[in-house]
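Asker: Input: one structure, supplied below.
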Amino acid sequence: MAKRTRPLCSLALAAAAGTALAGQATAPNGTTLVKHLMGKDLSGAQPGQSVWEPANGDKWAYDVALLGKWVYAASAPARQLLRFECDPATGNLALKEAIPIEAKDRESGGVTLHIRQFPDNSAMLYVFFSTHQESSLLCYAVDAKTGALALRGKGDLKVFPNNDAGGGYGYPAFVWSPCQSRLYYVGVKKIFCYTFQDDGLPVMEGKGIACTNPGKSGRGRGHAVFSPDGLQLYILTEKMEPAGTTFWQADTYDCDPKTGGLTCNSAFDLPNLPQECCEFMGFTPDGKLLYILDERAACYYALRRDPEKGALSILATGKPDQSLNGAGGPPWARGGKMAFSADGKTGYYLGRTSFGTFTLDPATGALSDFSSIGGRWAKLALDPASGNIFLVGGERISIFKSLPAGQQKQAAQAGPIVDLDADKDVELEADRVVSWKNQVAWKARDFLGKRVNGRPALRKAVAELRGHNSLVFKKEELVNYDEDAFDHLVTGSGYTWVAVLAAAKQRPSHDLNCFFGNLKNGGVFEGFWGGLNDDNTLWCGSRNGRTFDRGNKDNPKVVGPKLEEGRFYVLAGRMGAGTGDVTLELFVNDPKPVASKPFPVNPKANSSKMAIGQERDATNHPGLESFIGEIARIIFWERPLADAELAEKLAALKTEYGIK
């Protein structure tokens, strides 16, 4: 039985432990919708303590809220509320404050954040925290200049009558009126309305109203959302009875803007939603479309809102991409999993194991061009002013940049085609690696260990790599069996490769100890490769298929320094684009090349399969010209990165992996 090793949070760049697997999400048509700015590990408020406990996967355990340049994040497992200052242009985060959330027991809990802004630009931050044993409601005043938090009010969640609202079905929803003057506690039996004291704590108005749904009974879990103008409240309800009828329906309530009172407007059935947890995913910014999704991503609805009457009608329904799985539930993990761009044409979402984007047609409501990156986060927040998207969960916070349409094509050219990360998608069998999956949705996806005696091992939590994993190669290999995927890299497109690796003592092999290569099996072995001499002197090169000799003008060997045994480095190689003479360069921990040589491109060269750990799919002598050492990360681009891009990538990886 194969065992899959996969961390809960798989995307973070710059200062994060677990670099961005692609740095961007690209739709099937090649349009890049977001690019990664950075990620950040969250260090402890006290030396030796972690602010965020190791990721437990609890989607309700983390949250993030934004107020201008201030980013507030909370971790229920670590009982911490954090304040960051964010540079909107670069996404750089600076930790400014860590506030403990007081709690007596240490069981798994949940936390929700909400920022309540006022007309004078002042604001309050609300922290809702709970476990099965205790709960707390904290109200902080936010300093408009510094973003600092000052506790104004402290209570508990007993002010919200869970049983009365839910009728025993539980999981009522908190819904804020868009004007921020009222908070509604919406269950499937009753709805309670709250206003606020001077200290910010909520005070119940009246005794609540019964949910109105003529002819229906036995209602179960529900979710609720206000229209952007605050005139309607929509409740998604699960119908338990009568048996055999449509399972879900949407109820519409009119809201009096002066009193906050609710009156029933209309209700209608949603016949295609399965008997699963379902959720309102939110309105588009213009308030015209409201989306609903079930937990398993079997179906979505695009509901059109009547701007005058507020009633909902079905505009479109369809089957979404499976990367949305988990976004529509469960009920205790509601909200913070979908956002829309300002023009309402792009959506961003968190699935159970992914962060993704899609495009939507405002006229038809249809969703298309789904694109996702693997990873586990709890909540998502979009800053409309900067276009920055913040993801939080587990041990880190990651930041992406949404791209205007005019920049998407240009950015699409920037992404890697291969990103192999020892922290992600490493499949083991008998404690050896049988598969290493490319984190980029590209044609060369799986790197396989078909030779049973030639499979590397997984080394977990390497101290020298700030706790990241590495794959240990001892004359072993993983091969992607797409024969043609990498051909164009040496026939004109150019390339860049970057690797985080450490060399061990090599076995004498005529100075051919390769950590990657896609050389052709036979002929004059065209392709490109990187390796070490027997004494661990670093080298890389390309072969154009015209002659065989190693080190001649057709097959230059770019030689760098001798690597220290057991020490991790960030290495890179780059080949210029074009079909004439281009330059090959080699880099070690620095964007200044340690060596370079010219290379005459042959547009007719025909390389082969890409192998990690050896120079090619060497079926005639597997393991002979292979590498001994460890690889934590290896990334390929199908173009030469610009100097600034390469410098940024090297610096980010050094920071992430703790390499000096």
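The values are calculated or read from the model by the stated rules, or taken from the named source; none is laboratory data. It should be emphasised that the depicted structure is a prediction, and the values quoted were computed from it without experimental measurement. Neighbour counts are summed over all protein chains in view; Cβ atoms, including those assigned to glycine, are modelled from backbone coordinates with ideal geometry. Remember, those area values only see protein heavy atoms, side chains included, never the ligands or the DNA or RNA. Shrake-Rupley method; radii C 1.70, N 1.55, O 1.52, S 1.80 Å.
Asker: Pick out the one residue from A103, A148 that is at pLDDT 85 or above and small (G, A, S). So that I can check it myself, show each step before the final result.
Answerer: Details: A103 fails: at pLDDT 85 or above.
The match here is A148.
Asker: Looking only at segment 459-483, how many residues end up being out of contact with any Asp or Glu (no Cβ under 8 Å at 6 or more places or on another chain), part of a strand (DSSP E or B) and surrounded by fewer than 24 Cβ atoms within 10 Å (Cβ to Cβ)?
Answerer: Going through segment 459-483 one residue at a time, the tally reaches 3.
Asker: Determine whether D143 is at pLDDT 90 or above and either farther than 19 Å from A73 by Cβ or open to solvent by 50 Å² or more (accessible area, probe 1.4 Å) (or both). If you could, list the steps in order and put the result at the bottom.
Answerer: Working: at pLDDT 90 or above: yes; either farther than 19 Å from A73 by Cβ or open to solvent by 50 Å² or more (accessible area, probe 1.4 Å) (or both): yes.
Yes.
Asker: In this structure, is D535 open to solvent by 10 Å² or more (accessible area, probe 1.4 Å) and more than 35 Å from the chain's Cα centre (by Cα)? Please lay out each step first, then the result.
Answerer: Numbers: open to solvent by 10 Å² or more (accessible area, probe 1.4 Å): yes; more than 35 Å from the chain's Cα centre (by Cα): yes.
Against the criterion (open to solvent by 10 Å² or more (accessible area, probe 1.4 Å) and more than 35 Å from the chain's Cα centre (by Cα)), D535 qualifies.
Asker: Follow-up question, since we're still on this one. Yes or no: segment 300-307 includes at least one residue that is of a type in the set (A, V, I, L, M, F, W, C) and over 29 Å from S386 (Cα atoms). Even if it seems obvious, please write down each step before you answer.
Answerer: From segment 300-307, those of a type in the set (A, V, I, L, M, F, W, C) are 302-303; that's our starting set.
Pick out the ones that are also over 29 Å from S386 (Cα atoms) and you get none.
Taking every residue of segment 300-307 in turn, none turns out to be of a type in the set (A, V, I, L, M, F, W, C) and over 29 Å from S386 (Cα atoms).
Asker: Any residue in segment 149-162 that is of a type in the set (S, T, N, Q) and open to solvent by less than 40 Å² (accessible area, probe 1.4 Å)? Before the answer, list the steps.
Answerer: As a first pass, look at segment 149-162 and keep what is of a type in the set (S, T, N, Q): 162.
Imposing the further condition that a residue be open to solvent by less than 40 Å² (accessible area, probe 1.4 Å) reduces the set to none.
So far as segment 149-162 goes, no, none of its residues is of a type in the set (S, T, N, Q) and open to solvent by less than 40 Å² (accessible area, probe 1.4 Å).
Asker: Let me ask something additional. Only one of (1) in a strand (DSSP E or B); (2) open to solvent by 40 Å² or more (accessible area, probe 1.4 Å) is not met by E564, so which one is it?
Answerer: (1)
Asker: Pick from G394, G365, G387: which is touching a Cys at 6+ places or on another chain (Cβ under 6 Å) and either open to solvent by less than 20 Å² (accessible area, probe 1.4 Å) or modelled with pLDDT of 85 or more (or both)? Break it down stepwise before answering.
Answerer: Details: G365 fails: touching a Cys at 6+ places or on another chain (Cβ under 6 Å); G387 fails: touching a Cys at 6+ places or on another chain (Cβ under 6 Å).
After applying the criteria, what remains is G394.
Asker: Look through segment 641-659, keep the residues that are part of a loop (DSSP other than H, G, I, E, B) and modelled with pLDDT of 90 or more, and return whichever of them is nearest to the chain's Cα centre (by Cα).
Answerer: So, considering only residues that are part of a loop (DSSP other than H, G, I, E, B) and modelled with pLDDT of 90 or more, the one nearest to the chain's Cα centre (by Cα) is G658.
Asker: Ok, one more. Got a number for residues in segment 618-627 being open to solvent by less than 20 Å² (accessible area, probe 1.4 Å) and either more than 30 Å from G658 (Cβ to Cβ) or of a type in the set (V, I, T) (or both)? Step through it out loud before you land on a result.
Answerer: Going through segment 618-627, the residues open to solvent by less than 20 Å² (accessible area, probe 1.4 Å) turn out to be 618, 623, 626-627.
In the following step, the residues that additionally are either more than 30 Å from G658 (Cβ to Cβ) or of a type in the set (V, I, T) (or both) were identified as 618, 623.
Adding up the residues that qualify gives 2.
Asker: Being in contact (Cβ under 8 Å) with a residue 60 or more places away in the chain, among the hydrophobic types (A, V, I, L, M, F, W, C) and in contact with a Leu (Cβ under 6 Å, 6 or more places away or on another chain) is the filter here; which residues of segment 569-603 pass it?
Answerer: Selection gives V570, M575.
Asker: When only residues in segment 226-241 that are open to solvent by 30 Å² or more (accessible area, probe 1.4 Å) and of a type in the set (A, V, I, L, M, F, W, C) count, which is modelled with the highest pLDDT?
Answerer: Step one: of segment 226-241, the residues open to solvent by 30 Å² or more (accessible area, probe 1.4 Å) are 228-229, 231, 240-241.
When the remaining residues are screened for being of a type in the set (A, V, I, L, M, F, W, C), the result is 231, 240.
On the way: L231: 95, M240: 64.
Ranking the candidates gives L231 first.
Asker: Test each condition in (1) under 23 Å from S177 (Cβ atoms); (2) polar (S, T, N, Q); (3) touching a residue at least 24 places away in the same chain (Cβ under 8 Å) for Q275 and report the one that comes out false.
Answerer: Condition not satisfied by Q275: (1).
Asker: If D120 meets every condition in (1) modelled with pLDDT of 75 or more; (2) assigned to a loop (DSSP other than H, G, I, E, B); (3) open to solvent by less than 70 Å² (accessible area, probe 1.4 Å) apart from one, which number is that one?
Answerer: The failed condition is (3).
Asker: Follow-up. Do you know which of the residues in segment 581-599 that are part of a loop (DSSP other than H, G, I, E, B) and of a type in the set (D, E, K, R) is farthest from the chain's Cα centre (by Cα)?
Answerer: Narrowing segment 581-599 to residues part of a loop (DSSP other than H, G, I, E, B): 589-594.
Right, trim to of a type in the set (D, E, K, R) and you get 590, 592.
Working: D590: 28, K592: 31 Å.
The selected residue is K592.
Conditions tested, residue by residue: (1) over 22 Å from T364 (Cβ atoms); (2) modelled with pLDDT under 90.
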| residue | (1), (2) |
| --- | --- |
| H223 | yes, yes |
| C255 | yes, no |
| Q275 | yes, yes |
| G282 | no, no |
| L289 | no, no |
| I292 | no, no |
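Asker: Moving on. For segment 600-617, name all the residues that are open to solvent by less than 10 Å² (accessible area, probe 1.4 Å) and assigned to a strand (DSSP E or B).
Answerer: Matches in segment 600-617: M610, A611, I612.
Asker: Any idea how many residues of segment 159-187 are of a type in the set (A, V, I, L, M, F, W, C), closer than 19 Å to D254 by Cβ and assigned to a loop (DSSP other than H, G, I, E, B)?
Answerer: Count: 1.
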